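Values quoted throughout were computed directly from the atomic coordinates according to the rules given, and no laboratory measurement underlies them. Treat the numbers as computed from the prediction; the structure is a model and nothing was measured. Heads up, the Cβs are rebuilt from the backbone with ideal geometry, glycines too, and the neighbour counts pull from every protein chain shown.
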Amino acid sequence: MTNQPERLHHLLDRARRGVILPAEGEQLAGLVGELEQQVDTARATARRLNYRAQQAESKNAAFQRAVAQWDVNERGTYITHGSLRAIGLAAGTDILGSVRHLKHFQRVEQAEARVSALESEVARLTAGHAPTTAHSEGAAGI
């Protein structure tokens, strides 16, 4: 007994030569029908996979845009709220809704920035102004 591809080639050869029997014609029609179904299934699978690939590429681009907003330096990594929101949207979940201490972190970051600004201002104002000895002693006695 021959396998399906060999049988198909045999029947096609007989059809080309014009010597195919009616029963062989029916077999050929059945094999061609099976192949058409396989092609239709393969096309549907290819469309589905292409769609999923486009979705994955879109999500990847969204993640890359979000991560590009991060500030990475020697002090650490600062992740913006907009970046977290974008990551959550791309992932299909509400990331920020589950962050309970978000406002606290915002206030700490604002305080750190203000302290840095004040330190810079103090350094600028005191540059070249060495305290006198009498002034220092008076300050110590208070």
| task | List, in order, the whole-Hz ³J(HN,Hα) value for each residue of the range 55-61 obtained from phi through the Karplus relation with A = 6.51, B = -1.76, C = 1.60 and θ = phi - 60°; use x for Gly and Pro. | result | 4, 5, 5, 5, 5, 4, 5
| So what are the ³J(HN,Hα) numbers for the range 11-22, from phi and the Karplus equation (6.51, -1.76, 1.60; θ = phi - 60°), rounded to whole Hz, Gly and Pro as x? | 5, 5, 4, 5, 5, 4, 7, x, 10, 6, 7, x
| What spacing in nm lies between the two simple spin-label points modelled at H129 and E112, each 7 Å away from Cα in the Cβ direction? | 3.0
